[in-house]
Amino acid sequence: MTVKFQDIPAPRAEARPVSDHWHEISRVDEYAWLRAENWREVFKDPSLLDPAIRSHLEAENIYQAALMADTEGLQKKLFREMRGRIKEDDSSVPMKDGPFAYGTSFTAGGEQPRFFRTPRGGGEERILLDGDGEAEGKTYFRLGGADHSPDHKLLLWGFDDRGSEFYNLHVRDIESGADLADSVADTGGSGAWDATNAGFFYTRLDPNHRPSRIYYHTLGGKRDRLIYEEKDPGFFIDVGGTLTNRWIFIAIHDHETSEYRILPADEPRARPRLVAVRETGLQYDLEDGGEVFFILTNADGAKDFKIMTAPADDPGPANWREFIPHEAGRLILSVMAFENFLVRLERKEGLPRIVIRDRASGEEHMIAFEEEAYSLGLSGAYEYDTDTIRFSYSSMTTPSQVYDYDMRTRQRTLLKTQEVPSGHDAGQYVTRRLMAPSHDGQLVPISLLHHKDTPLDGSAPCLLYGYGAYGITIPAAFNTNCLSLVDRGFVYAIAHVRGGKDKGFSWYEDGKKAKKHNTFDDFVHAALYLVAERYTNHDRIIAQGGSAGGLLIGAVANLAPHAFGGFIAEVPFVDVLTTMLDDSLPLTPPEWPEWGNPRESRADYLTIASYSPYDNVGARDYPPILAVSGLTDPRVTYWEPAKWVARLRARKTGRNPVLFRINMDAGHGGASGRFSRLEEIAFVYAFALKVADRMGGSDDASVSSPENPPLGL
């Protein structure tokens, strides 16, 4: 299949070779100069970017816009379709807390959420924070957390107006609607009130964008008190309260080790108390259960985790007692404690389930579902003394549903079903869960969606999505956006590759560090299986992934370029070796347990070097590639995809283009508004449709039928 892109010269970054030397191994990097030396300042003020770098990035945007000019009408149509599936004046179901219930809503045409509350039993809605009003006049704006004080008089809220994820915290008087003089800059975006309403705890980011200190701010105070400082740059820290409002938890962790420190919520000047000292490989999470703490842990070889208890007044390891034993193949994901019940979300045989345990009797029951593949999530809660939990359910064909569930009577109450204003008939779609044999015989789950009229004879194009890192499981959830592809005859598929926890904790372990190649092999074999089963053909598969999933895309592009028709890499982590060697970058030290530490270990260096996309670009005939990034992204810095694209153009064979689109006003999450974000998705989908030759020539977007032939064929 030949993809038609306008034949115009691509930007060529100047080659300025520099060398580095590690473990008696030398590398040459021709495009290291694209990394701004003042990147810390640029995150806060993009105008400080080196003019030469800015000129090159702007040239990239001009180039990709020219190559995609013939899709502008399609992009607008896709945007209208996706926007038409969103209920513009949508609202969450308020969550009860004391005399009130709190929720979020949007206005018709609004980009940002509003936070509101009503009287507990219902009544007039009061807007506490209007995101659109706060965003007015800003090119970028994203709200962080919004947390009401225990006495319901104040609102702690945060925002980022650069895309760099440095959040400013403010305190609003709910009665007057005015912000107090109290404000804190350079935070992680949220905080936790003490039990006395006198102040709040928050996490401060250091100049390298690492959460390194917990402070307590007294309302009206001039100097915040340092509560805890983490000296190891390889650990993340966070702070939060509990449902009982008795404790403040300080969580300290990397990707394989955790530690907690606690202090009474009504004694903000107390010294935090260590629960269990960090021990490499030992993970534990605390849940406040009143007189006891529930401890979710992998201690004693519990790879898929177990639950233990300890007295709240002395929760050290010597007092840990087994409560729910480890069961291989049943991965316990999270635990929520209420006065009379313990709720756990777990995954078994690749699917999630909710289990309720009566704390008095020990009796358990499970909330059951019947679809072949689905997504399930526990919602948060404000109250400890309740018999009601809230959860959400969806599948690739079923719009999201929100339920309240009475744990005592076992009655399930549907509160809300996601509305699709333009209409959605689940009967028009088919969802499947396939198992693809990988290179070593392991079966890789694939969640798949297609229109019931899509021919399964190998002719259908396919968007194959993958992630595969940090133990993150990509849910088989309802996604209104992908319907714009599915309605045009695409098969939409998610490859649940190793590196996630889709099949238990071992599935994660088998896709990290020295075993990272399994992630890439799984993805390639998922593509092979879809072709073998006649869902698609190799030249019609467009592979997509973002962030660590962008690493997957870059690695697979080098490993098996001819197995795919195109690649989409969003905020892609493609310069892995260079980044893991640079301990000044925000996420490098905390990431070593996930990828390995090439600074200290020659073996880790060689492993990462063997798959790092930037380091393995070669003289290959790559299919069309699209990279998407944001200038102020602190997670995957803009220069990673910029360098990758430059090297691809310099080394590849063939005439297929490499496009790079960079948002000069945003970071890792792209555009911040819900509709402006849709414009970015429309661009990405237009690229996929162009590569698949499905741009079409009519206004009818539905799939093939006797009265409606396939678009673009």
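Every read-out reported here was derived from the displayed coordinates using simple, explicitly stated rules and does not represent laboratory data. Given the structure is predicted, the values throughout are model-derived calculations rather than measurements. Methodologically, a virtual Cβ is constructed for each residue, glycine included, from the backbone with ideal geometry; neighbour enumeration extends over all protein chains shown.
Structure summary
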| quantity | calculated |
| --- | --- |
| Three principal axis lengths of the range 1-40 [C-alpha, angstrom, descending] | 45, 28, 18 |
| At R0 = 56 Å, FRET efficiency that the Cβ-Cβ distance of residue 517 and residue 152 yields, to 0.05 | 0.60 |
| Sorted by Cβ density within 10 Å, fewest first, the residues 183, 19, 547 | 19, 183, 547 |
| Chain lengthening between residue 470 and residue 369 when straightened (0.36 nm per residue, less Cα-Cα) | 33.7 nm |
| Descending Cα extents along the principal axes, the range 88-326, whole Å | 53, 44, 34 |
| For residue 415, distant residues with modelled amide H under 5 Å away | 402, 403, 404 |
| Set of lysines near residue 4 by C-alpha distance (under 27 Å), chain-local residues within fewer than 8 positions excluded | 76, 77, 643, 652, 690 |
| Rg(Cα)/(2.2 N^0.38 Å) for the range 329-418, N = residue count | 1.06 |
| Using θ = phi - 60° and Karplus 6.51 cos²θ - 1.76 cosθ + 1.60, couplings along the range 604-618 (whole Hz; Gly, Pro as x) | 5, 4, 5, 5, 5, 4, 6, 10, 3, x, 4, 6, 10, 4, x |
| Cβ crowding within 10 Å averaged over residues, with 368-374, 336-342 ranked highest first | 336-342, 368-374 |
| Amide H partners (placed H, <5 Å) of residue 279, local residues excluded | 258 |
| Separation of the residue 422 and residue 41 label points, Cα + 7 Å toward Cβ, nm | 4.6 nm |
| Candidate lysines for bridging to residue 501, where Cα separation is under 23 Å - those fewer than 8 sequence places away on the same chain excluded | 303, 306, 348, 512, 513, 515, 516 |
| Extension gain from residue 410 to residue 280, taking 0.36 nm per residue of separation minus the Cα-Cα distance | 42.7 nm |
| Pairwise label distance in nanometres, residue 267 with residue 50, each label 7 Å out on the Cα-Cβ vector | 5.4 nm |
| The chain, relative contact order in percent, only Cα pairs under 8 angstrom and at least six apart counted | 11 percent |
| Under the Karplus curve 6.51 cos²θ - 1.76 cosθ + 1.60, θ = phi - 60°, whole-Hz ³J(HN,Hα) for the range 414-431, x wherever Gly or Pro sits | 6, 9, 7, 10, 3, 8, 10, x, 7, x, 8, 10, 4, x, 7, 10, 10, 10 |
| Largest-first principal axis extents, alpha carbons of the chain, Å | 68, 61, 53 |
| Check: the chain dipole with +1 on Lys, Arg Cβ and -1 on Asp, Glu Cβ, in debye | 1100 debye |
| Between the range 254-284 and the range 624-666, the Cα center-to-center distance that results, in Å | 40 Å |
| Spin-label model distance (nm) - residue 179 vs residue 197, 7 Å beyond Cα toward Cβ | 2.2 nm |
| Top positive-direction residue, dipole computed over the chain with Cβ charges, set 164, 190, 119 | 164 |
| ³J(HN,Hα), Karplus 6.51/-1.76/1.60, whole Hz, each residue of the range 250-260, x for Gly, Pro | 9, 9, 10, 6, 10, 7, 9, 9, 9, 7, 10 |
| For the chain, with +1 on Lys and Arg beta carbons and -1 on Asp and Glu, the positive-most of 31, 571, 369 along the dipole | 31 |
| Peptide ranges 673-681, 589-597 listed from the most packed, as the mean C-beta count within 10 angstrom indicates | 589-597, 673-681 |
